[in-house]
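A.B. asks: Below you'll find the structure I mean.
Taken together, the values in this text are just the output of simple stated rules run on the coordinates, not laboratory data. Predicted, not measured: the structure shown is a model, and the values here were computed from it. Cβ: placed from backbone, ideal geometry, glycine included. Neighbour counts: every protein chain shown.
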Amino acid sequence: MDESKLPEAWRVLRIQSELVDGIESLAKLHGAVTVFGSARQPEGSPWYESARKLGELLGVENIPVITGGGPGVMEAANRGCFSTPADTVGLNIHLPEEQRPNPYQDIALHFRYFFVRKFMFVKYAIGFVIYPGGFGTMDELFEALTLVQTGKVRSFPIVLVGSGYWRGLLEWMEHFMQESNCISAHELKLITLVDSAEEAAGVILHHARMLQAQSLSE
């Protein structure tokens, strides 16, 4: 049914059903890492292969991987984790183009609403790893930064992979946003910049072990 023709009350129920389904499906998922990046990266490209390696490195440590469920970097991260003991999750969404579910998902959910899907990306994550991507990737990056900055979620690593891609953005944030007193230096430190899957996995694993130690001491 055309979403625009739904009565408002029915739209609320549809939103509620997506939330309930997502929470029930992922309730046993703990300590996952959400991976973002371009849907346009083909198999064999450097970012695809790096994300595939990252998924494997996390999976062998029994850390589940969550992606948007589509092709490119999302497929690669799911694929790397798929043959490991950890669950690989795809949060798919209905889009007019680019979004086709990849076949490497132990748990595949389908959403109509971006904001419900974005909630699921964060709720079960202990870290975000973000590869080069487009508007959607940027959206998720700044969403994560805002949530951590404002204390709306427990602080977690936000790791950018690929200094050649991200350096210009970070320099702009430092030279214009920070110098214009729009952000502070310590807020820029919420971002960790790396160049390999191994470095990204190292940041995440260090954080995961810290969380485990904190849990045992409580």
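A.B. asks: With r as the distance between the Cβ atoms of Asp139 and Glu24 and R0 = 22 Å, compute the FRET efficiency 1/(1 + (r/R0)^6) and round to 0.05.
C.D. replies: So the FRET efficiency works out to roughly 0.25.
A.B. asks: Ok, one more. If we count every other residue with Cβ under 13 angstrom of Pro85's Cβ, Lys/Arg +1 and Asp/Glu -1, where does the sum land?
C.D. replies: Around Pro85, the surrounding residues sum to -4.
A.B. asks: Work out how much length Leu95 to Leu193 would gain on full extension: take 0.36 nm times their residue separation and subtract the Cα-Cα distance, in nm to one decimal.
C.D. replies: Net length gain for the segment: 32.3 nm.
A.B. asks: Given a Förster radius of 22 Å and the C-beta distance between Glu218 and His186 as r, what FRET efficiency does 1/(1 + (r/R0)^6) yield to the nearest 0.05?
C.D. replies: Working: r = 26 Å, r/R0 = 1.20.
For Glu218 and His186, the calculated efficiency is 0.25.
A.B. asks: Using a ≥ b ≥ c from the Cα gyration tensor of the range 6-110 (square roots of the eigenvalues), is it rounded, prolate or oblate, where a/c under 1.5 gives rounded and otherwise the larger of a/b and b/c decides, a/b for prolate?
C.D. replies: It comes out oblate by the Cα gyration axes.
A.B. asks: Would you please classify the overall shape of the range 165-218 from the alpha carbon gyration tensor, given that a ≥ b ≥ c denote the square roots of the eigenvalues, rounded means a/c under 1.5, and beyond that prolate means a/b larger than b/c while oblate covers the rest?
C.D. replies: In terms of gyration-tensor shape, oblate.
A.B. asks: Same structure again: What is the distance in Å between the Cα centroid of the range 106-133 and that of the range 1-60?
C.D. replies: Cα centroid to Cα centroid, the span is 4 Å.
A.B. asks: Quick check: net charge around Arg154, other residues with Cβ under 14 Å of its Cβ, Lys/Arg +1 and Asp/Glu -1? Intermediate values should be presented prior to the final figure.
C.D. replies: Details: positive: Lys123, Lys152; negative: Glu218.
Local net charge: +1.
A.B. asks: Given Lys28/Lys53; Lys28/Lys189; Lys118/Lys152; Lys53/Lys123, which pairs have Cα atoms separated by over 20 Å?
C.D. replies: Flagged as over cut-off: Lys28/Lys53; Lys28/Lys189; Lys53/Lys123.
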